[in-house]
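Notes for the one structure printed next.
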Amino acid sequence: MAPTFKLMGGLGNQLFVYSAALQYAIESGQTVSIDPQFAAGAAKGGNHHNLSSSLQKLDLDPRVRLAKPGENPRNAALNFLSDVRLRLFAKESGLLPTHGDCGGMGEAVSDRALYVRGYFQSHKYLEGLKRRKEWTTPRPKTITSEAQELGLRIEEKKGVILHVRRGDYKSLGDSFGMLGLDYYLRALERIEQKSGKLGKVFVFSDEVSYVETVVVPMLSKTYDLEVIKPLSSPEQDLYAMSQGSSFVLANSSFSWWAANLNSDQEETPVAFPQPWFRTSTFSNDLFPKGWLPVTADWESDD
């Protein structure tokens, strides 16, 4: 019996879970299900990109399916029991084989696992799928005219995608951290050194008012900026962002995936903050070889 993978977090984290589930499905020769009922809720943290079940709006490989509502009671029970297992034993239980992965490749999912939970934040799942030629880029089932027009404009302008993540990070400033302006300046300079004079910089954020009042006055002295208001849904934003020619990432899986869903990803300059989080430790498996680490600085707590 194939295990069920628990869908975690917003769309960026959900895509990591999907990649790990697809790899397992290919290796095991089974169709794998994903349990969407515990994905991040829309109201949590007030973050535009933190919407539940975003994955169901994308075209996915048929070897991975979303669990049907009728399966929810079973999956809820497995999730509860695996919570108890982790708290009591901090290891796999013979009564309820499960698997947890908080980042990186980790160990292989056990053949006995019933319920798999974790973030699986590693580029190695994606690279392995591409190497096997088993990866089809997940795209929205319906791309809105607004997202199509924006994507074309970004492509024509050879746009730089710059992502500013705030929202729920405001309550996680001591651990995740909110990046300061100096990081974004250094990252743009690093991209410019790599690829020459930059085109228009398209700024995506979950807090447009902050971008307009703080980011634009600083960066517009040197760069041609355009602030993009959130589109109708996260998958539409992600599609438009993926059309960029280079990327300045926030410490967010959302912009990580925008860069990785780019059709020319192997040749695309991508700058990312180092360290990724302010104080939390994190796996080095997250960053593909060739990406450009840029020293992070953090917004003051004052």
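The values are calculated or read from the model by the stated rules, or taken from the named source; none is laboratory data. Being a predicted model, the structure only gives us computed values, none of them experimental. FYI the Cβ positions are ideal-geometry reconstructions off the backbone, even for glycines, and counts take in every protein chain you see. Ligands, DNA and RNA are stripped out before the accessible areas are found, and what is left, the full protein with its side chains, is counted by its heavy atoms. Shrake-Rupley method; radii C 1.70, N 1.55, O 1.52, S 1.80 Å.
Cα-Cα over 26 Å: which of Lys130/Lys170; Lys124/Lys194; Lys194/Lys229; Lys158/Lys194? Let's see the in-between values first.
Working: Lys130/Lys170 35 Å; Lys124/Lys194 24 Å; Lys194/Lys229 28 Å; Lys158/Lys194 14 Å.
In this structure, Lys130/Lys170; Lys194/Lys229 exceed 26 Å between Cα atoms.
For labels at Lys197 and Gln37 in the simple 7 Å Cα→Cβ model, what's the distance in nm?
5.8
Helix check for the chain. Which DSSP H runs span at least 30 Å along their own axis by Cα, with a mean Kyte-Doolittle hydropathy no less than 0.0?
Values: long enough: none.
None pass (Cα extent of 30 Å or more, hydropathy at least 0.0).
What is the percent carbon and sulfur in the accessible area of the chain, measuring with a 1.4 Å probe over the protein chains and ignoring ligands?
Of the solvent-accessible surface of the chain, carbon and sulfur hold 50 percent.
Run lengths n ≥ 4 of DSSP H only: what is the helix-derived mean residue ellipticity at 222 nm for the chain, with -39500 (n - 2.57) per run over all residues, to the nearest 500?
Values: 8 runs with 91 residues, N = 302.
Here the helix-only value at 222 nm equals -9000 deg cm²/dmol.
Would you mind calculating the gained length between Leu81 and Ser28 on full extension (0.36 nm times residue separation, minus the Cα-Cα distance), in nm to one decimal? Don't skip to the answer; put the middle values down first.
Values: separation 53, 0.36 × 53 = 19.08 nm, distance 2.47 nm.
Length difference between fully extended and current span is 16.6 nm.
Using the 2.2 N^0.38 Å rule of thumb for compact globular proteins, work out how the chain stacks up: its C-alpha Rg over that value, please. Each step should come with its number before you reach the end.
Values: Rg = 19.3 Å, N = 302, 2.2 N^0.38 = 19.3 Å.
For the chain, the normalised Cα radius of gyration comes out at 1.00.
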